Amino acid sequence: MEEQVLAVQRMQDYIEEHLFEGITIGSLAGAAGYSPWHSRRLFEQFTGCTPAEYVRKLRLGKSALKLRDEKCRIIDAAMEMGFESVDGYQRAFYREFGCNPKEYAKNPVPVCLFTPYGVKSIYMKRSKETMENTRNIFITVIEKPERKVIIKRGKSATDYWAYCEEVGCDVWGMLKSIRSLAGEPVCLWLPERYRKPDTSEYVQGVEVTVDDATPTPEGFDVITLPAAKYLMFQGEPFAEENYGRAIEEICEAEKKYDPAVIGYAWDDSNPRIQLEPIGTRGYIELLPVKEL
């Protein structure tokens, strides 16, 4: 199975690199190293959608962010994303998000963006491959302002995998569609003061300004966090299949580190924050601190 997973990952990587070009099953088969028929079958088996559906969802998500963040004409968004006509683009956008792109550009409500998880990190997550040599952990003091966080609560989850089992993995796509104060969604471990009865410690959310007017999606909640200081722990870049070890390295560093050496103590009144594990930047967590 490992070679099949890697073949699908190569196709996913090819799509990411050539998203706005003409992607054919022949070009994907060349990346995979299998016949076109077998490549298509493997792609659908491991991702749950055909290559064409996968590309369309990715392009529509990119176009939604473009309409949200830039002043551009619908025709320009359609052409840039590889759609042959505005009508076709509008129909596809409506089917995907339930709203017209022109209406969305005027009022970018939260929508569920497609999140293309790499199959290598999913199916090889229990890889026993170890990271050799000493790897650096970088620690930086950062400040976060007072802010609101639009969150989706779970039931009893204390980590990512349990959370996905409780609420599903589509939450992240919804959060990515909301313009974030931090530039991306976050995962949080909530102190007791921010939890409701029979809800999880671990949640996913998006930080927004205190005066943000984004409508809260159905089933989501909003909390307000005070201005606070954090220690940001960031590891070195890692191979996607080694993300479990990358997380362990940060957790081990956090346990060993004494913030008193720089004049701080841990602050249990604010949430611990996790950023999406992206191999090219290293794994990142933020732990709240207070001055001694």
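Just so it is clear, none of the values below were taken in a lab; they were calculated from the coordinates. Given the structure is predicted, the values throughout are model-derived calculations rather than measurements. Ideal geometry is used to build each Cβ from the backbone, glycine not excepted, and the neighbour counts take in all protein chains shown.
Please check: in the Gaussian network model of the chain (C-alpha springs, under 10 Å), which one of V167, V86, V261 has the largest mean-square fluctuation.
Greatest mean-square fluctuation among the candidates belongs to V261.
Could you pull out every one of the lysines with an alpha carbon less than 23 Å from that of K256, ignoring same-chain neighbours closer than 8 positions?
Cross-link targets: K229, K290.
Determine the distance separating the Cα centre of the range 260-292 from the Cα centre of the range 1-40; give it in Å without decimals.
38
Which shape class, rounded, prolate or oblate, goes with the range 204-292 when its Cα gyration tensor gives a ≥ b ≥ c as root eigenvalues, a/c under 1.5 marks rounded, and past that a/b bigger than b/c marks prolate?
Here the range 204-292 falls in the oblate category.
With a ≥ b ≥ c taken as the square roots of the eigenvalues of the C-alpha gyration tensor of the chain, please select rounded if a/c is under 1.5 and otherwise prolate if a/b is larger than b/c or oblate if it is not? Walk me through the numbers on the way to the answer.
Working: a/c = 2.12, a/b = 1.31, b/c = 1.63.
Oblate is the answer for the chain, as a/c is 1.5 or above yet b/c matches or exceeds a/b.
If you place +1 on the Cβ of every Lys and Arg, -1 on the Cβ of every Asp and Glu, and leave all else neutral, what size is the dipole of the range 133-292 about its Cα centre, to the nearest 20 Debye?
Value, rounded to 20: 260 debye.
Against the longest alpha carbon principal axis of the chain, how many degrees, from 0 to 90 and to the nearest 10, is the axis of helix 86-97 turned?
The answer is roughly 40 degrees.
Report, in degrees rounded to the nearest 10, the 0 to 90 angle that the Cα long axis of helix 51-69 makes with the longest principal axis of the chain.
60
Name the GluC sites (Glu not before Pro) in the range 145-199 that are in a loop by DSSP and that have at most 13 other C-beta atoms within 10 Å, would you?
E146
Mind telling me which of G235, G154, G48 comes out most flexible in a GNM of the chain, alpha-carbon contacts under 10 Å?
Highest fluctuation among the options: G48.
Assigning unit charges at the beta carbon (Lys, Arg +1; Asp, Glu -1) and nothing else, what dipole magnitude in debye, to the nearest 20, does the range 46-174 show about its Cα centre?
160
Using the 10 angstrom Cβ neighbour count as an exposure proxy, how do T214, T280 rank, fewest first?
T280, T214
Taking neighbour Cβ counts within 10 Å as the exposure measure, how do M1, M232 sort from fewest upward?
Ranking M1, M232 by Cβ neighbours within 10 Å, fewest first, gives M1, M232.
Restricting to DSSP H runs of at least four residues, report the calculated mean residue ellipticity at 222 nm for the chain, -39500 (n - 2.57) per run over all residues, nearest 500 deg cm²/dmol.
Dividing the helical sum by the residues of the chain leaves -11500 deg cm²/dmol.
At a 10 Å Cβ-Cβ cut-off, how would you order L181, L225, fewest neighbours first?
The order, fewest Cβ neighbours first, is L181, L225.
Between helix 2-17 and the chain, what is the angle of the helix's C-alpha long axis to the longest principal axis, kept within 0 to 90° and rounded to the nearest 10?
With both axes taken from Cα atoms, the answer is about 80 degrees.
Diagonalise the Cα gyration tensor of the range 2-106 and give the resulting equivalent ellipsoid semi-axes, square root of 5 times each eigenvalue, largest first, whole Å.
Each semi-axis is √(5λ); the values are 29, 12, 11 Å.
Label the range 47-122 by shape, choosing from rounded, prolate and oblate, from the square roots a ≥ b ≥ c of the eigenvalues of the Cα gyration tensor; if a/c is under 1.5 it is rounded, and otherwise prolate applies when a/b is larger than b/c, oblate when it is not.
Prolate.
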